[in-house]
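A quick write-up on the structure given underneath.
The values are calculated or read from the model by the stated rules, or taken from the named source; none is laboratory data. Just so it is clear, the structure is predicted and the values come from calculations on it, not from any experiment. No Cβ is skipped: glycine too gets one built from the backbone with ideal geometry, and neighbour counts run over all protein chains shown. Please note that ligands, DNA and RNA were not included when accessible areas were found on the heavy atoms of the full protein model with its side chains. Shrake-Rupley method; radii C 1.70, N 1.55, O 1.52, S 1.80 Å.
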Amino acid sequence: MTEKLWGGRFDEDITPDVLDYTLTTDVDVRLIFADLWQDIAHVLMLGRQEIIPGETARAVLRSLLRLWEEHERGELKLRPELEDVHFNIEQMVIEDLGRETGGHMHTARSRNDQVSTDARMYLRRVHVNAVAANLALIDVLLSFPEDDLLAILPGYTHSQAAQPVSVGFWKTAHASMLLRDVRRLRGAFDRADESPLGACALAGTSFPLDRELTARLLGFRSVLSHALDATSARDYLMESAAAFAIGGSNLSRMAEEIVMWSGHEYSLVEVSDAYATGSSIMPQKKNPVVAELARGRAGRTAGTLVQLLTMAKGITLGYSCDLQDDKPYLWDAIDTYLSTLRVFTGQAKGLRFDSKRGEDLCWDNFSTATELANHFVAEHGIAFREAHHITGSLVGALLKRGATLRDTKAGAEILTGLGHPVAESVLAHILAPRTALTSYTSPGGTSPHSVEAVRAELREAVEDHTAWLDRTRRGLDSALSDTLRAAREIVDGGDFAEVLERATAGLPPVTRS
Ligand code: ARG
């Protein structure tokens, strides 16, 4: 059995049950890239600050670069008996160099600042991927043909047909909502993008650290100064989980529309065959299972948020092992959210709407009654409340006859009886769903012009977010390659101060938070 890195004061080893209960190597696999990058940055800093001897730092860096390559080849395996990623990598370095040399790596650092640094670095990647996945789905939603501007759907309130809208209006509505998710993810990225490294266990250290140097090498925008806050904070995780939960809930609303509207009773939309499955017994079935699963899985992302809020609320400042369990739940939320976004992008491409059916439902559900009331206001000078009453009386009378607004002859007769005659041809025009749809020209309304204007605004936002995505990806990539290059140059005999000066010259300065 490997001797524990913390074993000095212990006479007895933990039982296999305890190891099983406490280990986190399976979860930490996702943090290997961050832990190694972080180790390299930390040792570069230790060498630069002469906290450990230059030759020792060089040897540790050589060892870490080898591990990095092993990781790149997918060959670096974590051993469960070493508990977590941090102990695994430290042990690998020690096995490579011996404790006298490898044992220097953990100087002026604790797993407490280390784990939060790793999680933040991983989250930055996740947020970048989540923004990209949202933008891909938004792009599909916004790439609709002009016909969709006049393809009619009933718009619903209270699950009752309310007013006619268009397919383009529906698609831009979801794109608009998803763009808010993107903004939320970017906010969560910003809060994750603060370096706790150098906070050590909770109180800082007596060694002359350069926290700004490690933060820059790791591509952080700022240093989270306060050591106790830096090691204790998990609100950035909650905020990320909140972004995933809200995003999951928003996607679930689209899912619900797809599920409901693809049923025979609505027959408004059909998912492509690739996004549905059949029944083992009922040959006629085509079930929109992707949308159903997404609707259900919104519960998982919401559950993660509740778990994290509950986990942290009773913990005094400073690390407690409760916090170790933040990761498995968060990973689950990340996987659920990202896979839903990706599968929805394909699903959205293949949605087929039946606008003839949409128009029929609008007629049959009196969805243009408001237009008649508006006509009385605009053309007859009647107060809206009175116009509402007259139109309501017409609807009531038609319902009693088993008729709808489509029966304009009956409608005209009833209105004459009510003392507010309107010519049948005028009525037929006012009450047509398409007339209503095209007449809502207010900003953000259903008219083709308004929808096009919104589409242009949304596209502009997409461009802004795409530029952010490119900038951010480039920034993170160059921080990583600059760190690796600096380590290689130093291993090859370069001078710490000189190499790091050059390596960081191109990296943006960090602020303090
Ligand atoms: N594996 C631990 C975690 O995921 C790292 C921090 C452990 N620190 C400690 N003092 N036990 O949270």
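Details
- For region 71-120, the list of GluC sites (Glu not before Pro) that fall in a loop by DSSP and count at most 13 other C-beta atoms within 10 angstrom reads E75.
- Expressed as a fraction of 2.2 N^0.38 Å, the value expected for a compact globular protein of N residues, the C-alpha radius of gyration of the chain is 1.30.
- Full-extension gain in nm, A423 to K313, via 0.36 nm per residue minus C-alpha separation: 32.9 nm
- To the nearest ten degrees, helix 235-261 and the longest principal axis of the Cα atoms of the chain are 30 degrees apart.
- Legend: residues F384, F10, sorted from most to least accessible area (1.4 Å probe; ligands, DNA and RNA excluded), read F10, F384.
- Shown for the chain: the carbon plus sulfur share of the solvent-accessible area, taken with all protein chains present and a 1.4 angstrom probe, equals 52%.
- In terms of its Cα atoms, region 78-188 spans 76, 29, 25 Å along the principal axes, sorted from long to short.
- Computed from the alpha carbon positions, the gyration tensor of region 280-431 leads to an equivalent ellipsoid with semi-axes of 55, 24, 13 Å, biggest first.
- For the residue pairs K286/K327; K4/K327; K285/K327; K77/K286, the alpha carbons lie more than 32 Å apart in K286/K327; K285/K327; K77/K286.
- Helix axis angle, 355-364 relative to the chain longest principal axis, alpha carbon, degrees: 50 degrees
- Listed by chain and number, the lysines whose alpha-carbon sits under 16 Å from that of K349, ignoring those within fewer than 8 places in the same chain, are K171.
- Between helix 384-400 and the chain there is an angle of about 70 degrees, using the helix long axis and the longest principal axis of the Cα atoms.
- Of the GluC sites (Glu not before Pro) in region 187-289, those whose Cβ has at most 11 other Cβ within 10 Å and which sit in DSSP loop: E265
- Think of the chain as a dipole: +1 on every Lys or Arg Cβ, -1 on every Asp or Glu Cβ, centred on the Cα centre; then among L76, L394, G444, L394 lies furthest on the positive end.
- Furthest towards positive pole of dipole, Q38, M177, S222, structure part the chain, Cβ charges: M177
- Region 138-242: chymotrypsin sites (Phe, Trp or Tyr not before Pro) in DSSP loop, at most 12 other beta carbons within 10 Å: none
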